[in-house]
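*Asks:* Here you go, one structure.
The values are calculated or read from the model by the stated rules, or taken from the named source; none is laboratory data. Since this is a predicted model, take the numbers as computed values, not measurements. Positions of Cβ are generated from backbone atoms using ideal geometry, with glycine treated the same way; all protein chains shown enter the neighbour counts.
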Amino acid sequence: MTPQSTTTTAAAAPQRMALTVGPVLYHWSRDTLLHFYADLADSPADTVVLGEAVCARRRELRLDDWLALGRELQAAGKEVVLVAQTLIETEADLRLLERQAEQQGFAVEAGDASALQLLAGRVPLVLGPHLNIYSREALAEHADLGASRWVAPVELALDALALINPPAAPVHTAQGEAITTEAWAFGRLPLAFSARCFTARHHRVGKDDCGYPCLSDPDGLLLASTEGQPFLVLNGTQTQSAAVQNLIGDAAALRAAGVSRLRLSPCASGFSQVLRDFDAVMNHGRPATGCADAWLGQGVPGPFSNGFSRRLPGMAWSAA
C-alpha cells in the first residue's frame, strides 16, 4: 500500500503595514527640515506628507521648496502627499490651497472641511485626521468626493475604526476602490486648533509680529498641571497632548481593525530610530519589548500613551 502523501502550506505572511511620516508640526529651521527629509529618502517610510499644517506664518520652506523636496523623495521611491493648512483664515491661505490643487503629481491631504470642495476632483484626495468622520456613513460621503485614504481621528478607539471601515466590508470610492484606513500610531496628539497663537500669547508678543519664538521649541512648549504632571503642549495655533501616542505594541489589534497604514508624527530627536523600530516590529516580526524605553534614551519626548486606542482615558499607557 502506498503511504498517503502529506503536504503543508506555509501561513501567508501578513500584508505590509505601510508607514507614513506625517508633516512636521513644529517650527524647525530650513536647514533642519532639509536634513530631516534627506534622511527620510533612505528610510523605511513608504509615504511622506509635506507642507505646513499649523501656522501660515511659518515660511522656512515655500510651496516651490516643498514641491522640489517631493520630487526628490519620489525619485527615492517614496509616495508624497502635500498637506493643506488646517485653518484656512485669509485670502493668502486660499491662494496657497488653490496652488496645491493646481499642481500635478501629488495627492493632497485635506486638513479641514473648508478645503474639501476646492480639492475634490482636482487632485488625489487624502482625508486628514482633523475631519469629523465618526461613522461609516460619513466616510462613504467623503469617499464620494474621490478620497482613497482616511486618516482616522486621533481619539477613536481601534474597535471603532473596525466598525466605520471594517476590513471585511470596507467603504468604496465611486471607482470601486476600497478606502484605506490610516491610524495615528506615534506622536503627540493634535487636540485643537485656534485662530489665536498660544505660543505668542505665552511670550507676550503679537501673533502677526511674533518674532517666531516657537523656533526655540522644536517639540512644542510643554505645560504642566498644578500637580506638576505633563498635561498639554502649546505649538502655535495648535494644542497637543503632552503624552506621545505609541501603538508599537498593538500590531495585532491594528490589523484586526483593518488598519493598513500607520502615521508617525516627527519629533526633534530619535525619530529615525522610531521609524526603523516600527518597521521591524510591524513588518519583520521583531518584539516591541524595550523599544519605548530605548527611545526615551535617545531624546524622544515622553511620556507615552495608548489610552484612546483602547477606550481608556487618553493619557493611559500600557506597554503590554
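*Asks:* When the residues of segment 298-317 are filtered to those that are among the small types (Gly, Ala, Ser) and touching a helix residue (DSSP H, G or I) at 6+ places or on another chain (Cβ under 7 Å), which remaining residue is nearest to Leu156 (Cα to Cα)?
*Replies:* Step one: of segment 298-317, the residues among the small types (Gly, Ala, Ser) are 299, 302, 305, 307, 309, 314, 316.
Those still in the list that are touching a helix residue (DSSP H, G or I) at 6+ places or on another chain (Cβ under 7 Å) too: 302, 309, 314.
Numbers: Gly302: 21, Ser309: 6, Gly314: 10 Å.
Among them, the one singled out is Ser309.
This table checks each residue for (1) at pLDDT below 90; (2) under 23 Å from Val24 (Cβ atoms); (3) assigned to a loop (DSSP other than H, G, I, E, B).
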site	(1), (2), (3)
Arg201	yes, yes, no
Gly211	yes, yes, yes
Ile248	no, yes, yes
Leu254	no, no, no
Ser260	no, no, no
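*Asks:* Separate question: Out of segment 1-35, which residues are over 18 Å from Val244 (Cβ atoms), at pLDDT 60 or above and either touching a Cys at 6+ places or on another chain (Cβ under 9 Å) or outside any strand (DSSP E or B) (or both)?
*Replies:* Taking segment 1-35 first, the residues over 18 Å from Val244 (Cβ atoms) are 1-18, 27, 29-35.
Within this subset, residues satisfying the condition of being at pLDDT 60 or above are 14-18, 27, 29-35.
Passing the criteria: Pro14, Gln15, Arg16, Met17, His27, Ser29, Arg30, Asp31, Thr32, Leu33, Leu34, His35.
*Asks:* Only residues that are hydrophobic (A, V, I, L, M, F, W, C), loosely packed, with under 15 Cβ neighbours inside 10 Å and part of a helix (DSSP H, G or I): list them for segment 297-318, please.
*Replies:* Within segment 297-318, no residue meets the criteria.
*Asks:* Please go through segment 234-249 and give me each residue that is in contact with a Lys or Arg (Cβ under 6 Å, 6 or more places away or on another chain) and β-branched (Val, Ile, Thr), ordered by number.
*Replies:* Scanning segment 234-249 gives a single hit, Val244.
*Asks:* On to the next question. Does at least one position in segment 247-257 carry a residue that is touching an Asp or Glu at 6+ places or on another chain (Cβ under 9 Å), under 23 Å from Val54 (Cβ atoms) and aliphatic (A, V, I, L, M)?
*Replies:* Narrowing segment 247-257 to residues touching an Asp or Glu at 6+ places or on another chain (Cβ under 9 Å): 248, 253, 256-257.
Those still in the list that are under 23 Å from Val54 (Cβ atoms) too: none.
Checking segment 247-257: not a single residue is touching an Asp or Glu at 6+ places or on another chain (Cβ under 9 Å), under 23 Å from Val54 (Cβ atoms) and aliphatic (A, V, I, L, M).
*Asks:* Let me ask something else. Within the group Gly249, Gly228, Gly236, Gly258, which residue is small (Gly, Ala, Ser), within 29 Å of Gly290 (Cα to Cα) and in contact with a Cys (Cβ under 9 Å, 6 or more places away or on another chain)?
*Replies:* Values: Gly228 fails: in contact with a Cys (Cβ under 9 Å, 6 or more places away or on another chain); Gly236 fails: within 29 Å of Gly290 (Cα to Cα); Gly258 fails: in contact with a Cys (Cβ under 9 Å, 6 or more places away or on another chain).
The unique qualifying residue is Gly249.
*Asks:* Still on this structure, please answer the following. Counting only residues that are in a helix (DSSP H, G or I), surrounded by fewer than 24 Cβ atoms within 10 Å (Cβ to Cβ) and small (Gly, Ala, Ser), how many does segment 94-127 have?
*Replies:* Residues flagged as in a helix (DSSP H, G or I), surrounded by fewer than 24 Cβ atoms within 10 Å (Cβ to Cβ) and small (Gly, Ala, Ser) within segment 94-127 amount to 3.
*Asks:* Would you say Ala243 is within 30 Å of Ala18 (Cβ to Cβ) and touching a helix residue (DSSP H, G or I) at 6+ places or on another chain (Cβ under 9 Å)? Even if it seems obvious, please write down each step before you answer.
*Replies:* Values: within 30 Å of Ala18 (Cβ to Cβ): yes; touching a helix residue (DSSP H, G or I) at 6+ places or on another chain (Cβ under 9 Å): no.
Judged against the criteria, Ala243 is not a match.
*Asks:* Suppose the filter is crowded, with 17+ Cβ neighbours inside 10 Å and closer than 18 Å to Trp317 by Cα; does Ala251 pass it? Spell out how you get there, then give the answer.
*Replies:* Working: crowded, with 17+ Cβ neighbours inside 10 Å: yes; closer than 18 Å to Trp317 by Cα: yes.
So Ala251 passes the test.
*Asks:* Are there any pairs, at least 6 apart or on different chains, whose C-beta atoms fall under 9 Å, with the first in segment 97-117 and over 26 Å from Pro153 (Cβ atoms) and the second of a type in the set (A, V, I, L, M) and part of a helix (DSSP H, G or I), and if so, which?
*Replies:* Pairs that qualify, where the first residue is over 26 Å from Pro153 (Cβ atoms) and the partner is of a type in the set (A, V, I, L, M) and part of a helix (DSSP H, G or I), are Glu98/Leu118; Arg99/Leu63; Gln103/Leu63; Gln103/Leu67; Gly105/Leu67.
*Asks:* Return yes or no: is Leu119 under 25 Å from Leu264 (Cα atoms), modelled with pLDDT under 95 and not polar (S, T, N, Q)? Steps first, answer last, please.
*Replies:* Values: under 25 Å from Leu264 (Cα atoms): yes; modelled with pLDDT under 95: yes; not polar (S, T, N, Q): yes.
Taking the combined requirement at face value, the residue satisfies it.
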